[in-house]
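See below for the structure under consideration.
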Amino acid sequence: MAAAADAAPSPAPRSEPNHGLRIFAIWVVVSLAADLVLWFVWGPHMPPGDLSTAAANQQFDIQVMAVMAAPVMAFVLIYFGYALVVWRHREGDDEDGPPLHGHARIQATWITVTSVIVLCLFGFGTYELVTAQGAGAGEGPSPIWKPSGAAPLQVQVIGQQWRFTYRYPQFGGFETTALVLPVGRWVEFHVTSLDVIHSFWAYQLGVKADANPGTDNVAFAKATQTGQVTIRCAELCGLWHGAMFDYGHVVSDTAFMSWARSTRSALASVTRILPPYATTYDPTVVPTINKAMVKAGIAGANGYYYPGPPYTPVNP
Ligand SMILES: [Cu+2]
């Protein structure tokens, strides 16, 4: 058998260039270029921007992950392109490629490189979740990460079909439909719900926290610039989920204080009827409160409590 195989006419051996080295060289150049563009050109424009510390941190995370992912993607595309161009079928060449058997070095490299990438992402992701302001997500009732320094402004976010309302416990606990925040001060959001599961998503603040009934979900952010914040419900919560949309405003500290003081006095009569400020509310008492609101003439006939005039920003 061996003799017969040896006797078969074999084409003259071609001198093969070092394909591995060529692919590696192309990959190094492309990866470096892609990473530089990702970090310096595209990076500063990546979502969710840098209106708050939490947002800027998420932008950093996305930049880091993009820089790690680009060389992987570049390798796949370069190998694909190289194979198409260099190893394509040529006229008159009906020869089969050499059979492939185990290649210890390639296997070891593959397993090592992929393991290192995945473990690095795991380590980086865990570190950023635990340390960097809880990654802007709700950390539950007793957050691991807390800001240091001056006491944060507390804002309670109450999800309800189909509205977010906000209570300011440090200003007498008034409840309003307008989210107004001061620039340069830590905000401690306490997110809860009166009915089904909602999710408080304040895009430019980099905050996205589930609003569960009976649960106090805490999230932190500090706005570093004034501006407008898009607020959406990010959890399908019923018929008008798509309409659970609003804008919040980050304003100067003076503008915030004057808004908070005037809203506090404007809503004083409503605040008296509200249940006292608490981290969670008993959803079964909501209809009772709503009835009291209608009776007092401060809610619509449907009983929904949507107090407060819309906020017009002083320094948009
Ligand atoms: Cu919702």
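Table for the structure above
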| quantity | calculated |
| --- | --- |
| Verdict on G138 being in contact with an Asp or Glu (Cβ under 6 Å, 6 or more places away or on another chain) and more than 23 Å from H19 (Cβ to Cβ) | yes |
| Breaking point among (1) farther than 29 Å from I144 by Cα; (2) at pLDDT 95 or above, for S199 | (1) |
| In the range 174-204, the residues that are open to solvent by less than 40 Å² (accessible area, probe 1.4 Å), farther than 19 Å from H249 by Cα and not polar (S, T, N, Q) | L194, H198 |
| Tally, over the range 64-109, of residues that are more than 20 Å from G20 (Cα to Cα) and either in contact with a Gly (Cβ under 9 Å, 6 or more places away or on another chain) or not in a helix (DSSP H, G or I) (or both) | 10 |
| Complete set of residues in the range 81-114 that are loosely packed, with under 10 Cβ neighbours inside 10 Å and aromatic (F, W, Y) | none |
| Candidate set from the range 146-159 (those that are open to solvent by less than 50 Å² (accessible area, probe 1.4 Å) and either over 24 Å from Y281 (Cβ atoms) or touching a Pro at 6+ places or on another chain (Cβ under 9 Å) (or both)); member that is nearest to the ligand (Cβ to nearest atom) | G159 |
| Flag for G214 being more than 13 Å from V180 (Cα to Cα) and either surrounded by fewer than 18 Cβ atoms within 10 Å (Cβ to Cβ) or touching a residue at least 40 places away in the same chain (Cβ under 8 Å) (or both) | yes |
| Matching residues, the range 161-194, being touching a residue at least 24 places away in the same chain (Cβ under 8 Å) and within 16 Å of the ligand (Cβ to nearest atom) | Q161, W162, R163, F164, T165, T177, L179, F189, V191, T192, S193, L194 |
| One residue from T215, T263, T279 being touching an Asp or Glu at 6+ places or on another chain (Cβ under 6 Å) and modelled with pLDDT under 95 | T279 |
| Subset of the range 34-61 (residues that are assigned to a helix (DSSP H, G or I), touching a helix residue (DSSP H, G or I) at 6+ places or on another chain (Cβ under 9 Å) and open to solvent by less than 50 Å² (accessible area, probe 1.4 Å)) | A34, D35, L38, G43, T53, A54, A55, N57, Q58, Q59, D61 |
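The values are calculated or read from the model by the stated rules, or taken from the named source; none is laboratory data. Not measured: the values here are computed from a predicted model. Cβ coordinates were reconstructed from backbone atoms using ideal geometry, including for glycine residues, and neighbour counts include every protein chain displayed. When the accessible area is computed, the model is the full protein with side chains, heavy atoms only, and any ligands, DNA or RNA have been set aside. Shrake-Rupley method; radii C 1.70, N 1.55, O 1.52, S 1.80 Å.
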